[in-house]
Amino acid sequence: MKKILLVCSIILATISTTFGQAKKPTIMVVPSDNWCIKNGYFMEFDNQGTKIKIPDYKKALQEDSDVLLVISAINNMMNERGFPLKNLESVLKTLESNAAEDNMMTSKDSGSDIDETPMDKLKQVAKADIIMQITWTVNTTGPKKSVTFILQGLDAYTDKQIAGAQGTGAPSFTAETPVLLQEAVTAHIDNFNASLQAHFEDMFENGREVIVKIQKWSDSEFDLESEVNGDELSYVIEDWIAANTVKNRFSVLDVTENMMTFEQVRMPLYNDKGRALDTRGFARELSKYLADLGVPNKVVVKGLGRATIILGGK
Amino acid sequence: MKNVIKKASLLTSIMLLFAFTSNAQINKKKKANKDTENWRYEIECVGIGKPGTKVIKVWSYSKKATIAINQAKKNAVHGIIFQGYAGGAQGCTNQRPLTNDPALEQQKEEFFEDFFKDNGKYMKFVSTSGDGTPTTMKVGKEYKIGVVVTVMVDLLRKDLEAAGIIKGLSSGF
């Protein structure tokens, strides 16, 4: 009897651990482009005659104490809610040290260095699944000061704002800007978390919202109008997506013979085996299905929420 | 004999008086609980408190001013869990309730009955703020009493999460 109970409890524990944990999105607090550019923390490039400004986070973190205060206050509060965040400054430092290490690393046997494509380099930027973007303005009316604070939760893949809180604090004659900022974070973080919680609940009920893109190599023998399995390849792929999404929810944004974009794809959080699924796993299933139909392809992934399948080979 | 009768009647009147007052107290409490069970109250934000707390003014209704004051703390905690409040002056922002599920109170009836009983667990998460002087208004035949209280929202949320009543931000991950 004891043995039966032990076996049952082990099975239950296994089931609960495999089914209980969906892939947790990472979140990072970042000052908005608006704030960075207004305060002079940006780099300027000339892109074929058009001047482009890109926020310089490193400079902002090194020279502005207020931004550190706000990031730290938000990180602390989220930590208390049991959801620790990625820290922008640490991520930037890790990226730098990783790049330095990769440059120095050589093989003991052949002396060759680390292989890195331009795409690998491009992907080495500070990123998270959800960006908490902060913007604030100090309003001054005579001797009175107040802070207008905007906190936006942006899905890095779907570009949707999934959470937000904003408002202007009470004007004060005496309080310093850091005090007003701390007060603004305290006032807004609960509302932000409430909308984030609603987003997570929706995700658990209706699946994770991701983007799946289909493209082709220029030398591919297949395009999306090729006949495969008695139908055009674009419809074959669409049927697979329809059959494998939660409540068949997705929409097709664009279709040409060369590319196809699926938006608002609600992929399940777990696969048939009960393992947590991310976009890579989801796209891999489609990739295997296409390969079985004789269409060679390659899967390229961007975080938890975006995958591209390139037709025609690896 | 007369003395005995006198003493007996004195004792009886004292006992009757005691019975009446205690009965009145019980009735008051019953009335108060009835008012609270109907959750007749309004909440307004008074200011930004320390991190993890909310400073609010709870307006409770009752025919007796003292009863409304006693029920203010219970109403405040109930309001934070189920109602939230609108923003306003003093830098106050809209506050959503701790639960999005309007049926939660009915679904977890047993838990909340115990939680909100007199001197129940809710008392751990609320305290009167400032000097605690209530604002009294007469509305028709009853009083509308406003009391400023501080609710320890973070502790309250953690407690409800631990009891499995509401979901935490990282639950499911």
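Descriptive notes on the structure:
- With respect to chain A, whose longest principal axis is taken over its alpha-carbon atoms, helix A:88-104 is tilted by about 60°.
- Neighbouring partner chain Cβ atoms per residue of A:261-268, average, 10 Å criterion: 0
- Above-threshold pairs, the threshold being 30 Å between Cα atoms, out of A:51/A:145; A:51/A:93; B:117/B:138; A:53/B:167: A:51/A:145; A:53/B:167
- Degrees between helix A:2-20 axis and first principal axis of chain A (Cα, 0 to 90, nearest 10): 70 degrees
- Helix-derived mean residue ellipticity, 222 nm - over chain A, DSSP H n ≥ 4, -39500 (n - 2.57), to 500: -13000 deg cm²/dmol
- Multiplying the residue separation of residue A:127 and residue A:166 by 0.36 nm and subtracting their alpha-carbon distance yields 11.7 nm.
- Cα shape, segment B:38-162, gyration tensor, a/c 1.5 rule: oblate
- Phi to ³J(HN,Hα) by Karplus 6.51 cos²θ - 1.76 cosθ + 1.60 over segment A:226-237, Hz, x for Gly, Pro: 5, 7, 9, 6, x, 8, 5, 4, 4, 6, 4, 5
- Percentage relative contact order, segment B:38-162, counting C-alpha pairs under 8 Å, at least six apart: 33 percent
- Acute angle (nearest 10 degrees) that the helix A:177-206 long axis makes with the longest principal axis of chain A, alpha-carbon atoms: 20 degrees
- Prolate is the label for the protein assembly as shown, because the ratio a/c of its alpha-carbon gyration tensor axes (a ≥ b ≥ c) is 1.5 or higher and a/b is greater than b/c.
- Of all DSSP beta bridges in segment A:207-311, antiparallel share, percent nearest 5: 75 percent
- Estimated vicinal HN-Hα couplings, Hz - segment A:60-74 in sequence order (Karplus 6.51, -1.76, 1.60; Gly, Pro = x): 4, 5, 7, 10, 10, 6, 4, 5, 5, 4, 5, 4, 4, 4, 5
- Antiparallel content of DSSP bridges confined to the protein assembly as shown, in %, to 5: 85 percent
- Burial order of peptide ranges A:64-77, A:224-237, A:92-105 (average beta-carbon count within 10 Å, highest first): A:64-77, A:224-237, A:92-105
- Mean partner shielding of peptide A:126-132, defined as the number of other chain Cβ atoms within 10 Å of each residue Cβ, is 0.
- Cross-link reach is defined here as a Cα-Cα straight distance under 16 Å, omitting same-chain residues fewer than 8 places apart; for residue A:273 the aspartates and glutamates meeting it are A:285.
- Neighbouring Cβ atoms from other chains, within 10 Å of the Cβ of residues in A:194-207, number 3 on average.
Every number here is computed from the coordinates shown, using simple stated rules; none is lab data. Because the structure is predicted, anything quoted here is derived from the model rather than measured. All Cβ positions, even for glycine, are placed from backbone atoms using ideal geometry, and neighbour counts span all protein chains on display.
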